[in-house]
Structures are given as structure tokens and as C-alpha cells.
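Everything below concerns the one structure shown next.
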Amino acid sequence: MPSPYTPQPHHRFTFGLWTVGNIGRDPFGEPVRAPLSPVQIVHLLAEVGAYGVNLHDNDLVPIDATPGQRDRIVAAFRQALAETGLVVPMATTNLFSHPVFKDGAFTSNDPRVRAFALQKTMRAIDLGAALGAQIYVFWGGREGVETDAAKDPVLAIHRTREAMNFLCEYVLDQGYDLRFALEAKPNEPRADIYNATTGHMLAFIATLDHPEMVGVNPEVAHEHMAGLNFLHNVAQAWEAGKLFHIDLNDQAFGRYDQDFRFGAVNLKAAFFLVKFLEDVGYAGSRHFDAHAYRSEDEAGVKDFARGCMRTYLILKEKAAAWNADPEIQALLAEIHQDDGSAAPFLGAYNRARADDLKAATFDYQALAARGLRYERLDQLTIELLLGVR
Ligand code: GCO
Ligand code: MN
Ligand code: MN
């Protein structure tokens, strides 16, 4: 029997080429690791037990590659996938690295840049579809401003909508089995990025021509950068039928974009997130969008990748233990107790119910005086996580 902490294909653990392939450059320092080729990364991911590998167009094919070079690179990559059994569940476009996108792609003030961004995305969609991707992510890293003198924020929304509508039609026209997942981030690399949180994205999606094709790709770090409760955003996306993908990593609140190993910083939040994903039966990829500390060599990169998956699986086991813990469950039963007395007043509106409710008497002082036992429940959770239960 393999350990319950050994990653298996059904766990759907994926990494981007850019994650384990991160060479440790930062705004103040040069790379600390030698680049790995896409083929080497596929083999590394297979060795650590990942299920799939995701990519930006230019993680695989350099932006200036000739068609012949592109075909050779893609063939070698496919060969590595075939040798290892890894799949490509998600693909995306790099619309942020090249200086042409310094003022955005779909929201650029230059219509030629907007057209080029659409062309680049259609080609990248072709590549992703050819590799079998069924989720296509949009992260608009440059879709923002340093100064609001530069762009009209309403126009930015219109331009983004026009691009998304165009690309949905492109996918339908090509007959691809592909859905879009929009990824929000409040800032970095732009001072302020449009559609700053998952909640913004959900509101924006409802305004598209094909909202059914478009969901979200929430990322732990991005919502933490915005000071938000990630679980709540994920739950809202899930409830709306929009949790198409998820980027797992970790991040201290109020810091720069840290992209730490999953669970490295906020263990309790990571626990409730894993518990949620497992309890509701989220069936998509568990994608780790993070990278190893800059202190690491290639062995450390494997430690990083193994750590992401192992922590997830340990938390999954803890979630099952939480659900099965008699004391925790007894407390939950007590918390959710219902004497039925409010039932006539709750539910859908009707005139009689509203009249009855207005006339009813509540002993609100007694209700207010009731202790809710959340301290005990939380302490039991902590003790379970700390391994003493
Ligand atoms: C970041 C983002 C990216 C995106 C990736 C896929 O902060 O850099 O999270 O890693 O997820 O570009 O769209
Ligand atoms: Mn990120
Ligand atoms: Mn991400």
C-alpha cells in the first residue's frame, strides 16, 4: 500500500512549466538556478509524482521561434509527455513578459497591441488545444496602470470584454473543447490591475456573451495580497458554478507576491481550503502556482514540489479526521441545533409570512446570551492540526 501522502494521478496535482522551472530571479538578484528545458521539467515532474503540466505558450515555444523550430520543440515535448504519462490540463498565454505588453495586452491604449495580443492568444489556444488542454487561463498581469492619467478604467473593462467575447467565439468556431478561467490579482507587476479580485471577475463574467464558457482561477497568494479570505472567494466561485481551476501556493498578508510552497505560511487557512475542496468534491486540477525559495538548487526544487503535494494530502487526511471526530461533530450538532420554532418565518417571501413575522415576539436577550462554543471548536481544530488529537 502506498502511503496516503504519495501523489496519485486521481489527486490531479499539476505544476506549470514556469513553477518548477523558475530560475530564482528577483527584482534585486540574478538567477540562482540553471534553466531546465521543458522536456527536463516534464521528467522532473514525473519523478516527483505530478499528474500534469501546464504552460504559457512561451514557456514551451520562444516568442521568436520559426515554425520549424516550434514543430521540433512541440514534438520533443509530446514525446516527453508520452514517456512519462503526464498530461496538459491547462494552457495560457504570456501577455506580460515582452516589452510590447508594457502597457497591457487587451487593455493597451494601442489598438495594434490589442490586435497582436488577440493573435498571440489565438495561436496559443491552438497550441493548448493540440496538447489536450481543456482549461485556458487568462491572467492579465499587465492589464493595469501606474497612473490613472494613462487609461480610462471603464474603457479597460470594455476592451477586456471585447477580447473575451472574441476569443470565446474563436473557440466555438474552432470546435475546441475548452473553457476559460480568469485569474485575478490586485497588483504586481502593475501598480493596480483591473478586475482585482475573484469577486470582480465573477461580476465581469456575467456581462460576457458566453458566460457559460468562462469561470475563474482563484489563487491563494493573490487574494491574500488583497487582504481577503481565500476560502470565501473560492466558496463563492464554487457556489456560482465557476470554480474551473485553482492556483495553490502561499503568501503572507501584506507582502510582495511571494509564491511560496502550498501551506508554507497560513496552515490553518490551507486546511480549511483543502477541506472545502475535498468536501464539495471539486474535480479539477490542484495546480501549484508557486516556486522554490531562491536558496534552492534542483534537489530543493524537488523538495518544494513534493512538499506542495504532501502538505495537500496531509491536510486532506486531517480534513477527514475533522469530519470524523466525535467531539467536533457533537459541537457542530450543538451549534446547528434547531427547535423548529423559527421555521414558519423563514424561507421564501409571502405576505402572510411577513405579517406573522412582524407580529412575532423574540426573546432576543436570551438568544444573545447563548454562548456559541466556537472557542472550543477552534481549539479542537488547532489540536487536530498540531497532531495531539
Ligand atoms: C503570477 C500569476 C501567474 C499566472 C500564470 C498563468 O502571479 O505570476 O499567478 O503565475 O497564474 O501566468 O496564467
Ligand atoms: Mn501569482
Ligand atoms: Mn497564478
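The values are calculated or read from the model by the stated rules, or taken from the named source; none is laboratory data. Worth saying up front: this structure is predicted, and the values here are computed from it rather than measured. Heads up, the Cβs are rebuilt from the backbone with ideal geometry, glycines too, and the neighbour counts pull from every protein chain shown. Surface accessibility is based on the protein's heavy atoms, side chains included, excluding ligands, DNA and RNA. Shrake-Rupley method; radii C 1.70, N 1.55, O 1.52, S 1.80 Å.
Does P35 fit the bill of being in the same structural domain as A299 (by TED's automatic domain parsing), at pLDDT 95 or above and under 30 Å from E162 (Cα atoms)?
Working: in the same structural domain as A299 (by TED's automatic domain parsing): yes; at pLDDT 95 or above: yes; under 30 Å from E162 (Cα atoms): no.
No.
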Note to self: Exactly one condition in (1) within 15 Å of ligand 1 (Cβ to nearest atom); (2) open to solvent by 20 Å² or more (accessible area, probe 1.4 Å); (3) assigned to a helix (DSSP H, G or I) is false for R142; which is it?
What the structure shows: (3)
Check: Pick from A133, A163: which is modelled with pLDDT of 95 or more and out of contact with any strand residue (DSSP E or B) (no Cβ under 8 Å at 6 or more places or on another chain)?
Finding: A163
Note to self: If the requirement is being hydroxyl-bearing (S, T, Y) and within 13 Å of ligand 1 (Cβ to nearest atom), which of these qualifies: T121, T160?
What the structure shows: T121
Next item on the list: Given the conditions (1) out of contact with any His (no Cβ under 8 Å at 6 or more places or on another chain); (2) open to solvent by 40 Å² or more (accessible area, probe 1.4 Å); (3) under 17 Å from L231 (Cα atoms), report the number of the one that L277 does not fulfil.
Entry: (2)
Notebook entry, point to check: Taking R255 and the conditions (1) within 15 Å of the chain's Cα centre (by Cα); (2) over 28 Å from D110 (Cβ atoms), which numbered condition does it fall short on, given that it satisfies the others?
Noted result: (1)
Next item on the list: Starting from the range 327-348, take each residue that is at pLDDT 95 or above and list its partners that are among the acidic types (D, E) and surrounded by 11 or more Cβ atoms within 10 Å (Cβ to Cβ), counting only C-beta distances under 7 angstrom and pairs at least six apart or across chains.
Entry: P344/D356; F345/D356
Check: Across the range 236-291, which residue is farthest from A91 (Cα to Cα) among those that are within 16 Å of ligand 2 (Cβ to nearest atom) and hydroxyl-bearing (S, T, Y)?
Finding: Y256
Next item on the list: Tell me which residues, restricted to the range 153-171, are surrounded by fewer than 16 Cβ atoms within 10 Å (Cβ to Cβ) and under 14 Å from D110 (Cβ atoms).
Entry: L155
Check: Within the range 59-75, how many residues are of a type outside the set (V, I, T) and open to solvent by less than 50 Å² (accessible area, probe 1.4 Å)?
Finding: 4
Check: Name the residues in the range 203-234 that are open to solvent by 30 Å² or more (accessible area, probe 1.4 Å) and away from ligand 3 (no atom under 16 Å from the Cβ), would you?
Finding: A203, A206, T207, D209, H210, P211, E212, G227, N229, L231, H232
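Mind checking which residues of the range 235-254 are within 16 Å of ligand 3 (Cβ to nearest atom) and in contact with a helix residue (DSSP H, G or I) (Cβ under 9 Å, 6 or more places away or on another chain)? Working first, answer last.
Of the range 235-254, the ones within 16 Å of ligand 3 (Cβ to nearest atom) are 237, 243-251.
Once the filter is applied, which keeps residues that are within 16 Å of ligand 3 (Cβ to nearest atom) and in contact with a helix residue (DSSP H, G or I) (Cβ under 9 Å, 6 or more places away or on another chain), the range 235-254 yields A237, L243, F244, I246, D247, L248, N249, D250, Q251.
Taking into account only those residues within the range 25-72 that are within 16 Å of ligand 2 (Cβ to nearest atom) and assigned to a loop (DSSP other than H, G, I, E, B), which is farthest from E296 (Cα to Cα)?
Within the range 25-72, the first condition is being within 16 Å of ligand 2 (Cβ to nearest atom), and the residues that meet it are 25-27, 54-56, 59.
Then keep just the ones that are assigned to a loop (DSSP other than H, G, I, E, B); that gives 25, 27.
Numbers: R25: 12, P27: 17 Å.
The selected residue is P27.
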Note to self: Restricting to the range 78-120, give me the number of residues that are of a type in the set (S, T, Y), more than 16 Å from M164 (Cβ to Cβ) and in a loop (DSSP other than H, G, I, E, B).
What the structure shows: 1
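Can you find a residue that is farther than 22 Å from L178 by Cβ and either open to solvent by 20 Å² or more (accessible area, probe 1.4 Å) or in contact (Cβ under 8 Å) with a residue 40 or more places away in the chain (or both) anywhere in the range 118-127? Working first, answer last.
Narrowing the range 118-127 to residues farther than 22 Å from L178 by Cβ: none.
Within the range 118-127, not a single residue is farther than 22 Å from L178 by Cβ and either open to solvent by 20 Å² or more (accessible area, probe 1.4 Å) or in contact (Cβ under 8 Å) with a residue 40 or more places away in the chain (or both).
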Item checked: Checklist (1) touching a Lys or Arg at 6+ places or on another chain (Cβ under 8 Å); (2) farther than 30 Å from V42 by Cα; (3) open to solvent by 60 Å² or more (accessible area, probe 1.4 Å) applied to S341, failing item -> (1)
Notebook entry, point to check: Can you tell which of A292, A321 is within 27 Å of the chain's Cα centre (by Cα), open to solvent by less than 40 Å² (accessible area, probe 1.4 Å) and touching a residue at least 12 places away in the same chain (Cβ under 8 Å)?
Noted result: A292
